[in-house]
Structure formats: structure tokens, C-alpha cells
Amino acid sequence: MKVKTFPINAGKLVAILHRTDAEELGLIAGDRVEIINKNNQKKCVAVVDISNYSVVVDQIGLFEEGIEKLGVKNGSKVNVTPTGQLKSLDYIKKKMNGEKLNQEEISTIVKDISDERLSDIESTAFISAIYMKGMDIDETISMTKALINDGNKLEFKKGIVVDKHSVGGVNGRATMIITPIIASTGLLMPKTSSRSITSAAGTADSMEVLAEVCLDTEKIRKITENVGGVIAWGGAVDLAPADDKIIKIEHPLSLDPEGQVIASVLAKKASVGSKFVVIDLPVGRYVKIKDKETAIRMAKKFVQVGKEVGMKIEAVITNGEEPCGLAFGSALEAKYALEVLEGKRFDNLAQKSCELSGALLEMVGKAQSGKGYDMAKEILDSGKALEKFKEIIKAQGGKIYSSEKIQSAPFTKEFKAGADGVIDEMNTKLLTRIARIAGAPSNKTAGLMLYKLVGEKVKEGDLLFTIHAENKDKLIAAEKFAFKNIPFSFKRIIIQTIR
């Protein structure tokens with residue numbers, strides 16, 4: 001067939017066939033075909049759409065995804081063959097019925113998701129099945145191995161590779177503090193981080209304020225070997241492609257199957273060659289893990305699955321009840337992390353960073369048992385971590401090395417206490433929501449800055465927080481939401497007055 005190109009991003013691999021050709025091939029809309037470029041032998045599997053008008057007989061319509069995958073242009077010739085029924089569909093139905101899948105079955109599904117052989121509906125059915133039916137420990141191990149084997153892997157000639165991961169739900173860019181602390185000791189930390197999905201900023205969003213984060217695999221390897229650490233966007237590298245596709249499916253419905261979360265995290269760590277990993281499991285009412293029992297169960301699974309794929313895991317359960325640091329938003333969180341490195345702040349974010357760094361240092365034998373925190377804090381206090389972070393920024397093509405050089409938002413709104421009291425509770429979910437309405441994380445300087453934490457006394461007129469925005473409309477929207485949804489509750493200092 002001859003290719004007819006459509007300069008449109010369809011979001012998936014789609015092929016348009018004329019109804020006559022579809023009938024000859026025994027295809028209906030939603031079936032799949034394998035397409036092979038006769039010139040370079042590149043191939044892909046696409047979902048069939050049928051039209052009598054977009055293409056003519058013996059012509060196949062391809063969108064940007066297929067054009068790029070096959071390396072074709074308008075008029076190129078390709079071979080088109082029906083794929084037939086995929087085995088994956090039988091395995092997905094098996095899981096939907098609550099049956100257990102083995103390694104081969106899970107690997108087949110993962111491979112078909114990666115190669116985009118499955119439609120969005122079919123892939124969603126699989127994720128929904130594991131969300132509702134769960135995955136036991138054997139299936140979680142199988143899923144982890146399948147995700148690892150599906151993608152590329154980073155390999156380093158020498159050095160010990162370590163990593164840290166937070167299951168998420170809290171603000172504060174601990175990674176930007178931990179990575180230079182660890183790299184200062186001669187360990188390797190090739191940190192591939194995510195962008196925000198529901199938070200005010202992801203680590204990649206904040207690091208991008210300072211330096212380039214869209215780095216390819218080779219650049220990540222070189223920077224890590226030369227400097228000791230890197231903080232890159234994981235979406236720019238092809239280390240676990242099936243997992244990236246699964247995450248996109250999960251996002252619209254906020255599906256986070258426990259087994260899949262564990263497999264996803266550990267597959268990403270294995271793909272960058274990590275042998276020692278600390279997993280941070282924040283627990284709180286407004287974060288992903290709501291109770292300590294769930295955190296303990298997940299921690300044990302992380303350790304067990306890690307062992308099966310050749311990693312030593314230490315899972316730590318942390319307090320997710322209050323903000324980690326005072327900043328929400330890409331630039332604000334980057335500035336805050338730099339201020340910690342510069343010695344201008346030492347709070348719960350700094351302490352958490354030192355504790356997690358210390359855990360890694362003890363795991364690899366860099367510090368004696370119980371002495372890791374002290375070693376990490378000494379590196380932070382001495383300025384070694386700051387100097388190493390500047391090296392990382394420079395290696396990633398950055399030009400901002402000081403917290404004072406980070407740009408501020410042009411529009412702000414202060415919120416002050418209306419009466420005396422003590423802050424009894426803080427809703428981090430509402431704080432995040434206010435920051436996102438203000439434009440975070442897409443607007444880099446947008447967000448929210450706190451000035452008080454739980455347990456602090458406040459007087460009428462004290463500054464509680466400031467909203468930052470890049471345009472007035474977003475500032476007004478965030479302001480209105482904040483007035484209707486106060487993120488603080490107060491204990492009154494005066495219980496009763498007698499006259």
C-alpha cells in the first residue's frame with residue numbers, strides 16, 4: 001500500500017484503511033495490522049480506523065506517530081498484514097476473572113503494551129483488573145522483571161550506584177539535596193525523576209528551573225560518571241517504556257494499584273543500574289498512603305521484590321501529615337532546596353534529606369551503623385553538597401547557581417491570620433490545590449509559600465502564606481479558592497473569658 005501522511009498527532013499508532021481494503025483483509029475498526037516499511041524494514045503495529053473518504057483503495061493513512069516510527073513519507077510503500085487475535089487479550093480476561101498470571105503471561109502483556117499492539121481500551125482493562133483484583137507477590141515480581149527486560153539499561157564501568165525514591169504526595173524537593181550529598185562521597189546517583197501529575201511540582205519541574213533535564217541515556221551516563229550525580233527527567237529516556245505507557249493510562253482515573261506501584265518504582269531503579277535504594281513512604285491523611293499498616297505492608301513488599309531483582313532495599317516510613325519544607329511550586333521549591341544547601345535553612349526538609357542520605361551511606365558501608373545522618377549533615381554543613389550541586393547544574397547546562405538568582409512571580413497575594421490561635425491542622429492537599437490553581441507547575445514561578453507550621457502560635461495579622469502567580473486571572477482564581485477552602489484549622493489560645 002501507498003502511504004498518505006496526516007500531519008496530526010493522534011496520541012497513538014492509528015492506520016486508516018479504505019473500507020474495500022479492510023473488507024479484503026477481514027478487518028473491522030479497532031483491529032490491528034502490522035505495517036512494515038519495505039525500504040528500511042522498520043515496523044509497527046497500529047489500530048485500524050476505516051474511511052471511504054480520507055484514503056483511496058490501496059492507500060493507508062498514517063499520523064505523526066506512525067510516520068516517525070516507520071520512517072516513511074507521503075507515497076512510501078509499506079506491507080500491511082492483519083495481526084490476528086493477540087494472546088494478551090486472553091491473559092487480560094484471565095486477570096479480570098481474578099485468576100493469577102505467570103511470568104510469561106505478564107511479560108507478553110507488557111511487551112504488547114510497549115509495542116502498542118494493545119488499544120487504549122484493552123490496556124486500560126488490564127490496569128483496571130490489577131487495580132480491582134490486585135497482584136500477589138509473585139505477580140509483582142513478574143511485573144517488575146517484565147518492565148526491566150522491556151527497556152534499555154544504563155551501565156557504568158565502575159562505582160556503586162544508589163538511588164532514592166518517594167512514593168509521593170508531599171512537597172519539598174529532597175532529591176535536590178540528597179543527590180549532591182551522596183555524590184560528594186564518591187557514590188553514583190543517576191536520578192531520573194518525574195514531572196508533576198497531581199502535586200505543585202515534580203523534581204524534574206524544579207530542577208528544570210536551574211538546568212536542562214531532558215537528557216538522553218548517554219548524557220546521563222557521562223554526567224554521572226564525571227560528576228557523581230544527575231537529576232534528569234525520566235520521561236526523556238527509554239529506560240522502561242511500557243511503564244511510562246502504563247502510567248499514562250493510570251493517570252486520568254488516578255489508578256495506583258499497589259503491586260504496580262512497587263513494580264514501576266523498582267523497574268525504574270533497576271534500569272539505571274541501582275543496587276542500593278532507599279524508599280520513602282510518607283503516611284498521612286492527605287498523601288497517597290493513608291495509614292501506617294498500609295505503609296508497613298508496602299515496605300515489606302518493596303524489600304522482597306527488590307531482593308528478587310538484585311537490589312538491596314531499605315524502606316522508611318515518614319511523616320506525611322505536614323508539609324516537607326514551606327514551598328509549593330517549581331521555582332519556589334528549587335529556591336528552597338538551594339537555600340538548604342546554602343546553609344540558610346535547616347528544617348524538616350533538610351533533616352529528612354540528611355536522614356535518607358544517611359540511610360544510603362550506611363547501606364553501602366560509607367558510614368558506620370547509626371552514623372549516616374551525622375556524616376550527611378556534616379557534608380551539608382561544610383558546603384561540600386552545595387559545591388557538588390553546582391557541578392551537577394553546570395554539567396546539565398545550567399546557569400543558575402544561587403537561590404537569589406531564581407526569578408520570582410510578578411503577582412502575589414498575602415493571607416494573614418484573622419485572630420490569635422495555634423495552628424492545629426494543615427491540609428496539604430488544599431495547599432497543593434491553591435498552588436496549582438495559581439499556575440503551578442506549568443508556570444514555573446507560580447505556587448505558594450508558607451510561613452507557619454502545625455503547632456505554631458499565631459497572632460492576628462501574622463502572615464500565614466503567600467500565593468504566587470504569573471498572571472492576575474490565575475492569582476484571583478487561587479485567591480477565591482483559598483478564601484472558600486481555608487487550609488488551616490486553629491486552636492484558640494483563650495478558652496473562656498470571665499468578667
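A few notes on this one:
- Output for the stretch 222-247, where each listed residue is of a type in the set (V, I, T), modelled with pLDDT of 95 or more and surrounded by fewer than 23 Cβ atoms within 10 Å (Cβ to Cβ): I223, V227
- Boolean, S107 is buried (at least 17 other Cβ atoms within 10 Å of the Cβ), within 22 Å of the chain's Cα centre (by Cα), outside the structural domain of P180 (by TED's automatic domain parsing) and of a type in the set (S, T, Y): no
- Looking across V14, V72, V80, one residue alone is among the hydrophobic types (A, V, I, L, M, F, W, C) and either within 23 Å of T124 (Cβ to Cβ) or in contact with a His (Cβ under 9 Å, 6 or more places away or on another chain) (or both). It is V14.
- Lone qualifier among A440, A477 - being within 17 Å of G325 (Cβ to Cβ) and among the small types (G, A, S): A440
- Some residue of the stretch 15-27 being closer than 17 Å to T81 by Cβ and without any contact (Cβ under 8 Å) to a residue 12 or more places away in the chain: yes
- The stretch 442-473, residues that are under 25 Å from the mean Cα position of the chain (by Cα) and of a type in the set (D, E, K, R): K444, E470
- Every residue from the stretch 269-309 that is part of a loop (DSSP other than H, G, I, E, B), under 20 Å from G172 (Cα atoms) and in contact with a Lys or Arg (Cβ under 7 Å, 6 or more places away or on another chain): Y286
- When the stretch 51-71 is filtered for residues that are over 14 Å from L13 (Cα atoms) and among the hydrophobic types (A, V, I, L, M, F, W, C), the ones remaining, listed by number, are V55, V56, V57.
- Sole residue being closer than 17 Å to D112 by Cα and in contact with a Ser or Thr (Cβ under 9 Å, 6 or more places away or on another chain), chosen from V57, V47: V47
- If you go through the stretch 132-168 and pick out every residue that is under 24 Å from R195 (Cβ atoms), touching a helix residue (DSSP H, G or I) at 6+ places or on another chain (Cβ under 8 Å) and not in a strand (DSSP E or B), you end up with 10.
- Screening V48, V78, V55 for residues that are in contact (Cβ under 8 Å) with a residue 12 or more places away in the chain, touching an Asp or Glu at 6+ places or on another chain (Cβ under 8 Å) and among the β-branched types (V, I, T) leaves exactly one candidate, V48.
- Annotation note: of F156, F126, the sole residue that is farther than 21 Å from M363 by Cβ and touching a residue at least 12 places away in the same chain (Cβ under 8 Å) is F126.
- Within the stretch 200-221, the only residue that satisfies the criterion of being surrounded by fewer than 24 Cβ atoms within 10 Å (Cβ to Cβ) and polar (S, T, N, Q) is T217.
- Filter pass, E414 being acidic (D, E) and under 25 Å from G202 (Cα atoms): yes
- Any chance A299 is assigned by TED's automatic domain parsing to the domain that holds L338, over 21 Å from G202 (Cβ atoms) and among the small types (G, A, S): yes
- Count - residues of the stretch 418-429 that are surrounded by fewer than 19 Cβ atoms within 10 Å (Cβ to Cβ) and either touching a Leu at 6+ places or on another chain (Cβ under 8 Å) or of a type in the set (A, V, I, L, M, F, W, C) (or both): 2
- Just so you know, in the stretch 200-223 the residues that are of a type in the set (S, T, N, Q) and touching a Ser or Thr at 6+ places or on another chain (Cβ under 6 Å) include one that is nearest to D243 (Cα to Cα), and it is T203.
- Some residue of the stretch 480-489 being outside the structural domain of E212 (by TED's automatic domain parsing), of a type in the set (A, V, I, L, M, F, W, C), at pLDDT 90 or above and in contact with a strand residue (DSSP E or B) (Cβ under 6 Å, 6 or more places away or on another chain): no
- Lone unmet requirement of (1) touching a residue at least 24 places away in the same chain (Cβ under 8 Å); (2) on the phi < 0 side of the Ramachandran plot for I476: (1)
The values are calculated or read from the model by the stated rules, or taken from the named source; none is laboratory data. Small disclaimer: the values here were computed from a predicted structure and weren't measured. Please note: Cβ atoms are built from the backbone with ideal geometry, for glycine as well, and neighbour counts cover all protein chains shown.
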